[in-house]
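What follows is a single structure, written as structure tokens, with notes after it.
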Amino acid sequence: MKLIYEKSSPGRPGVRMSSIKISPTEEIPAKYLRSKPAQLPEVSEAEVVRHFTALSRLNFSVDTHFYPLGSCTMKYNPKACEAAANLPELTEVHPLWPQLRGGGLLTQGSLAILYHTERILSEITGLAEFTLQPMAGAHGELTGVMIMAAYHRDRGNTQKDHIIIPDSAHGTNPASAQLAGYKVVTVPSDDKGMMDFDLFKAALNERTAGVMLTCPNTLGVFEMRIKEICDAVHGVDGLMYYDGANFNAIMGRYKPGDMGFDICHLNLHKSFATPHGGGGPGAGPVGVVEKLQPYLPISRVEKTRDGTYALNYDEPKSIGYIAPFYGNFGVVARAYAYILSLGRDGMLGTSNRAVLNANYLQEKLRPLFGEEFKGRCMHEFVFSGEFLRKHGIHTLDLAKGMIDRGIHPPTVYFPLNVPEAIMVEPTESEDRDTLDRFVEVMAELVELAKTDPEKLHEAPVTTPVGRLDEVKAARDMRLSYS
Amino acid sequence: MKKTPFCATSERDQAEMFEFLGIGDFDELFAEIPADLQSDLLDIPEGLSEMEMMQHIRKIARRNSTNLVNFCGAGFYDHYIPAAVNALASRGEFYTAYTPYQPEASQGTLQAAFEYQTAICRLTGMEVANASLFDGGTALFEAVMMALRSTGRNKVLVDQGVSPIYRKMLRCYTQNLSVDYQEIPLGSNGVADRKAFEAALDDTVGAAIFQNPNFFGCLDNLKELVDKVHESNALAIMSVYPMALSVVETPGAMGADIVTGEGQSLGLPLNFGGPYLGFMATTKKHVRKMPGRIVGETVDHKGRRGFVLTLQAREQHIRREKATSNICSNVQLCALRAIIYLSLVGREGFLEVGRDCMDRASYAWHKLAKIPGVEPAFNRRFFNEFAIRLPKDASDVVSALVDQGIAAGFPVGRYYKGMENVLLLAFTEKRTKEEIDILVAKLESVLKA
Ligand SMILES: Cc1ncc(COP(=O)(O)O)c(C=O)c1O
């Protein structure tokens, strides 16, 4: 498809933007001004609408396809949550208004949403306090490990120099730990997919600042010895960090705080049904136990004695400003609408069905793929495509074959500790017919891999482009149109 | 148990699935997990129907007053958003997709991102741009890390004309890293202090950070100062307001090495602080040190053009703790809004919006300066925002005007000691002559009172 710049022609008017003129009082000297206007497209409004509508049709999405992308929780994004968050009374509020004296009273609605969302997230995670400021999961992780660092500094724990992370962890965990000034110690997984307990104990010492765990982990396996792990870490005054990317499995049933975690982030763009936007915006709120509350980022939303909401900037031990304001408010508002819709029973009802769908699919697929990890899974599971290597077929080939059959592929080649990994997360949004169809498609693809692997190497053939040359992209570095 | 909304399996499906799995109920799925971990039922309200939920949120939302006439900017601006931006960005094919990991099934997101990167390059006068970062503040921090990695040095000099909100964020993010963070006080004319910078530039400095227009709205041409930064082998980082780039000299032309900014003004609502759009652009030379996703052009086996995420060896999913950043999800939908906005208004329209903003500010400046006791804080060179000094505490004045339905600006005393009487006012194309006249009249009467 042509680029919008290739459709441009000089003088073609877009949306009429100029309003009633007000004459300026003076001109600004030329040295401060650009000599030529930016070469933006010159395309009619109708053509712009067609262009982006046509582009949208080139995408797979939850609204158009089954999208069982493991670790990403691609559940349905309710339209009512969109409608609620798009109310102009919410979208048109300037973030600095509450900082104008008297202005806080004009933003009580937005502040109330923030306050109540924090309270509810505290209840469902079993953690004392929340901040909604982090703007994605990774940003929540960084906030969390910075809170860890502030705690240790405050306690005089100067020897703390590393964070323990299992090898099944998402890449953002080690990257975030490093950005907060910590070294990373990686612990391998055992044959059940859990962090190897003996190797973990061997790695743990007085210099351990904390441990970052995903539970259930990225293999879809619950860390059974979580209590022992937490106790051991607390024994050296370390802190337990919960990566909540997989919270959809346990929502309403288990609370990270009750398990012994001290800090946790949730991905609102996963468990709480806010759309992923083709790569964001998300939100990664962070909850902490009571003793870590003083280190949370500034500002804090509070309810005053007269029942109004206010922002508190006076937190001397806080890590400071991680965001310009109060986080991705628009995303939080969607999650709030979702939480109100689910309510008390709906949380458990949701995680139950997410786990049921995953187990059903795993059992149905076992005859095809054998078992990577035995027993029940949580909301997702991983299997390996290694057995197809002898036919010259890789996980990537299976993935491309799925695209031709109208299914967005699961996450592939992650987690890194499983060769040819395929990670499937159906979510509670899918009905049984969709799950059964997925099984049929997988069976067809495995059969094809064995009988006519060349066909799979050619996939996808139904998309606007076939497999793209990534080496060429990196070598040529054509990163903009010229 | 009540029906759970948004779940697709029927009771009958469930019963059959239970049977297939050889279990009697949901609890058995969790049987292997230690029983003492299970929590009690949540203490949150019961679920609402869609209608009840909408009524509830409408009621809360009404507690906001959105009919304030807004002159408050300070980096976040109340611009008009053409209807087609919302219509197109609300297409489920865009907003319910994930990050484009499977390029053949994501050409829509990828091509739009490539077009966005191109637009950012053209606005800033730079060679390459990434596909987005969270916001202008985190983008600035990422730029600092990028510059320090590139130069192998650990000191950064930050002009105090850089947004105080972003400076607080920089301090926060650098507190655990071996970064020597030094701020340089603003020059008396409201722009970067040349002499102070030149004196502070030594061979430990990896980056110098400027903002143009700066927090006070003042315009500068930083070319000569950037040359000095380069003479000491450091990199120049510039944070910019993209709407100003309709008319203001580009950071590229001034020699900037890394450009960042807040893209909210390009078709994103104010939304009480987010989601916003951090953008970053740089030169080809530094692209491998750049954080975040980057979309590149390539071809498929038949030679057809297509787009992919590229140079991924910089990123956390491959490099883990050695990555250029920890960022994973960015704000792709916000970048999409920006490219839709820029395409809709186009070359001419963008220029017109910029001129309208500038003309309104110019008109207001002239009028405000005539109020007895009011003085411009700095000189006359601004785009759409400027600071004035009042004969009274600016926070008190703003408070009085808020009561009359006007957000008269941002009192900067909160961030700058000794500037308690200084008020920062922003003007967008949405403000009318009448509104400006009312602002002037009411301000005058509040000052008299
Ligand atoms: C286990 C896990 N942790 C962290 C993240 C990072 O979340 P985000 O992309 O919101 O930064 C992800 C996202 O894919 C994840 O799956």
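The values are calculated or read from the model by the stated rules, or taken from the named source; none is laboratory data. Please read all numbers here as calculations on a predicted model, not as lab measurements. With ideal geometry, Cβ positions are generated from the backbone for all residues, glycine too; neighbour counts draw on all protein chains shown. Accessible surface is based on the protein model in full, side chains and every heavy atom, while ligands, DNA and RNA are left aside. Shrake-Rupley method; radii C 1.70, N 1.55, O 1.52, S 1.80 Å.
Within the group B:Gly349, B:Gly373, which residue is part of a helix (DSSP H, G or I) and either out of contact with any helix residue (DSSP H, G or I) (no Cβ under 7 Å at 6 or more places or on another chain) or surrounded by fewer than 21 Cβ atoms within 10 Å (Cβ to Cβ) (or both)? It would help to see each step written out before you state the result.
On the way: B:Gly373 fails: part of a helix (DSSP H, G or I).
Just a single option satisfies the conditions, and that option is B:Gly349.
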Over the range B:293-330, the set of residues touching a residue at least 60 places away in the same chain (Cβ under 8 Å), among the small types (Gly, Ala, Ser) and within 16 Å of the ligand (Cβ to nearest atom) is B:Ser325, B:Ser329
For A:Ile147, all conditions in the list (1) of a type outside the set (Phe, Trp, Tyr); (2) out of contact with any Ser or Thr (no Cβ under 7 Å at 6 or more places or on another chain); (3) without any contact (Cβ under 8 Å) to a residue 60 or more places away in the chain; (4) more than 7 Å from chain B (Cβ to nearest Cβ) hold save one; what is the number of the exception? (3)
Could you please let me know if A:Lys7 is out of contact with any Ser or Thr (no Cβ under 6 Å at 6 or more places or on another chain), at pLDDT below 95 and of a type in the set (Lys, Arg)? no
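Give, as residue ranges, the helices (runs of 4 or more DSSP H) completely inside the range A:88-157 that count at least 3 residues that are crowded, with 24+ Cβ neighbours inside 10 Å and away from the ligand (no atom under 16 Å from the Cβ). Before the answer, list the steps.
Numbers: elements: A:88-91, A:108-125, A:137-155.
Helices (runs of 4 or more DSSP H) meeting the threshold: A:108-125, A:137-155.
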Of all residues in the range B:42-56 being surrounded by 11 or more Cβ atoms within 10 Å (Cβ to Cβ) and assigned to a loop (DSSP other than H, G, I, E, B), which is nearest to the other protein chains (Cβ to nearest Cβ)? B:Gly47
Top-ranked residue of the range B:3-30 - restricted to ones that are within 7 Å of chain A (Cβ to nearest Cβ) and part of a loop (DSSP other than H, G, I, E, B), ranked as surrounded by the most Cβ atoms within 10 Å (Cβ to Cβ): B:Cys7
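Which ones in the range B:271-292 are open to solvent by 10 Å² or more (accessible area, probe 1.4 Å) and either of a type in the set (Val, Ile, Thr) or in contact (Cβ under 8 Å) with a residue 24 or more places away in the chain (or both)?
In the first step, residues of the range B:271-292 are kept if they are open to solvent by 10 Å² or more (accessible area, probe 1.4 Å); the result is B:271, B:275, B:283-286, B:288-289.
Within the range B:271-292, B:Pro275, B:Thr283, B:Lys284, B:His286, B:Arg288, B:Lys289 qualify.
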Just to be sure before I move on: is A:Thr64 open to solvent by 20 Å² or more (accessible area, probe 1.4 Å) and not assigned by TED's automatic domain parsing to the domain that holds A:Gly284 in the structure I sent? yes
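Determine which member of the set A:Glu118, A:Glu82, A:Glu129 is farther than 29 Å from B:Gln175 by Cα, under 22 Å from the mean Cα position of the chain (by Cα) and more than 7 Å from every other protein chain (Cβ to nearest Cβ).
Values: A:Glu118 fails: farther than 29 Å from B:Gln175 by Cα; A:Glu129 fails: farther than 29 Å from B:Gln175 by Cα.
Exactly one of A:Glu118, A:Glu82, A:Glu129 is farther than 29 Å from B:Gln175 by Cα, under 22 Å from the mean Cα position of the chain (by Cα) and more than 7 Å from every other protein chain (Cβ to nearest Cβ), namely A:Glu82.
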Restricting attention to the range B:130-138, does a residue exist that is more than 16 Å from the ligand (Cβ to nearest atom), in the same structural domain as B:Ala208 (by TED's automatic domain parsing) and farther than 23 Å from B:Leu270 by Cβ? no
So for the range A:200-216 (the condition being over 20 Å from B:Asp36 (Cα atoms), within 14 Å of the ligand (Cβ to nearest atom), assigned to a loop (DSSP other than H, G, I, E, B) and among the aliphatic types (A, V, I, L, M)), does at least one residue qualify? no
Applying the selection to the range A:293-307, what residues are open to solvent by 40 Å² or more (accessible area, probe 1.4 Å) and within 25 Å of A:Gly103 (Cα to Cα)? A:Glu302, A:Lys303, A:Thr304, A:Arg305, A:Asp306
Hey, does the range B:430-440 have a residue that's within 29 Å of B:Pro185 (Cβ to Cβ) and outside the structural domain of B:Gly161 (by TED's automatic domain parsing)? no
Under 6 Å between Cβ atoms, at least 6 apart or on separate chains: pull out the pairs that start in the range A:280-307 with a residue that is without any contact (Cβ under 8 Å) to a residue 40 or more places away in the chain and end on any residue that is in a helix (DSSP H, G or I) and within 16 Å of the ligand (Cβ to nearest atom). none
When every residue in the range A:170-196 that is open to solvent by less than 30 Å² (accessible area, probe 1.4 Å) and in a helix (DSSP H, G or I) is compared, the one farthest from A:Arg153 (Cα to Cα) is A:Thr172
Can you say whether B:Val69 is touching a strand residue (DSSP E or B) at 6+ places or on another chain (Cβ under 8 Å), more than 30 Å from B:Gly187 (Cβ to Cβ), more than 9 Å from every other protein chain (Cβ to nearest Cβ) and not aromatic (Phe, Trp, Tyr), as far as the supplied structure shows? yes
Per the filter on the range B:215-249, residues open to solvent by less than 10 Å² (accessible area, probe 1.4 Å) and either modelled with pLDDT under 95 or part of a loop (DSSP other than H, G, I, E, B) (or both) are B:Phe215, B:Phe216, B:Gly217, B:Leu219, B:Leu222, B:Ala234
Checked the range A:174-190 for anything within 16 Å of the ligand (Cβ to nearest atom) and facing another protein chain (nearest Cβ under 8 Å); matches are A:Pro174, A:Ala175, A:Ser176, A:Ala177, A:Gln178, A:Leu179, A:Ala180, A:Val184
Counting only residues that are more than 7 Å from chain B (Cβ to nearest Cβ) and either in contact with a Phe, Trp or Tyr (Cβ under 6 Å, 6 or more places away or on another chain) or in a strand (DSSP E or B) (or both), the range A:34-77 contains a total of 1
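Go through the residues of the range B:394-409 one by one and say whether even a single one is over 28 Å from A:Lys21 (Cβ atoms), out of contact with any helix residue (DSSP H, G or I) (no Cβ under 9 Å at 6 or more places or on another chain), surrounded by fewer than 19 Cβ atoms within 10 Å (Cβ to Cβ) and of a type outside the set (S, T, N, Q).
Looking only at the range B:394-409, we keep the residues that are over 28 Å from A:Lys21 (Cβ atoms), and these are B:394-400, B:402-403.
Narrowing the set further to residues that are out of contact with any helix residue (DSSP H, G or I) (no Cβ under 9 Å at 6 or more places or on another chain) leaves B:403.
With surrounded by fewer than 19 Cβ atoms within 10 Å (Cβ to Cβ) added as a condition, the list becomes B:403.
Remaining after also requiring of a type outside the set (S, T, N, Q): B:403.
The answer is yes, given that some residue of the range B:394-409 is over 28 Å from A:Lys21 (Cβ atoms), out of contact with any helix residue (DSSP H, G or I) (no Cβ under 9 Å at 6 or more places or on another chain), surrounded by fewer than 19 Cβ atoms within 10 Å (Cβ to Cβ) and of a type outside the set (S, T, N, Q).
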Return the residue satisfying two criteria in turn: it lies in the range B:429-449 and is under 24 Å from B:Tyr80 (Cβ atoms) and open to solvent by less than 10 Å² (accessible area, probe 1.4 Å), and of such residues it is nearest to the other protein chains (Cβ to nearest Cβ). B:Ile436
Residue ID - farthest from B:Gly161 (Cα to Cα), chosen from residues in the range B:85-99 that are touching a residue at least 12 places away in the same chain (Cβ under 8 Å) and open to solvent by less than 10 Å² (accessible area, probe 1.4 Å): B:Ala97
Is it the case that some residue within the range A:269-292 is part of a loop (DSSP other than H, G, I, E, B), away from the ligand (no atom under 16 Å from the Cβ) and surrounded by fewer than 24 Cβ atoms within 10 Å (Cβ to Cβ)? yes
Show me the helices (runs of 4 or more DSSP H) found entirely inside the range A:386-459 where at least 1 residues are in contact with a Pro (Cβ under 6 Å, 6 or more places away or on another chain) and open to solvent by 10 Å² or more (accessible area, probe 1.4 Å). A:395-404
